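Worksheet for the structure shown next.
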Amino acid sequence: MFKLEFSTTNAAFQDGDLPLSFEVARCLADVVDDVKSGLLRGTVIDANGNGVGRWELS
């Protein structure tokens with residue numbers, strides 16, 4: 001099972017120059033990299049360095 005949840009309400013997701021989908025995709029790409037490296041759980045970090053959620057692979 002794979003669980004992923006993160007908030008999109010902070011400043012990193014509200015950048016007027018980029019659509020919300022850009023930061024969501026960036027966060028998802030980071031999670032993909034973590035999974036590929038063998039991690040089983042982690043924190044979703046936004047572009048500003050804030051923890052905005054968690055994920056877990058079991």
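The values are calculated or read from the model by the stated rules, or taken from the named source; none is laboratory data. Predicted model only: the values in this text are computed from it and were never measured. A quick note on method: Cβ atoms are made from the backbone with ideal geometry, for glycine too, and the neighbour counts reach across all protein chains shown. The accessibility values were calculated without ligands, DNA or RNA, using every heavy atom of the protein model including side chains. Shrake-Rupley method; radii C 1.70, N 1.55, O 1.52, S 1.80 Å.
List of remarks:
- Cα-only radius of gyration and Dmax that characterise the chain, units Å: 11.5, 37
- Heavy-atom surface of the chain, accessible at 1.4 Å and reported per residue (Å²): 68
- Length gained when the stretch residue 7-residue 47 is fully extended (0.36 nm per residue, less Cα-Cα span): 13.1 nm
- Using C-alpha pairs below 8 Å separated by at least 6 residues, the relative contact order for the chain is 45 percent.
- Its Cα centre serving as origin, the chain has a Cβ charge dipole (Lys and Arg +1, Asp and Glu -1) of approximately 260 debye.
- Rounded to the nearest 10 degrees, the angle from helix 20-36 to the longest Cα principal axis of the chain is 20 degrees.
- Ranking 20, 1, 43 by how far each Cα lies toward the positive end of the dipole of the chain (charges on Cβ) leaves 1 at the top.
- Accessible-area composition of the chain, carbon plus sulfur, in percent [1.4 Å probe]: 56
- Mean ellipticity per residue at 222 nm, deg cm²/dmol - from DSSP H runs of n ≥ 4 across the chain, formula -39500 (n - 2.57): -10000 deg cm²/dmol
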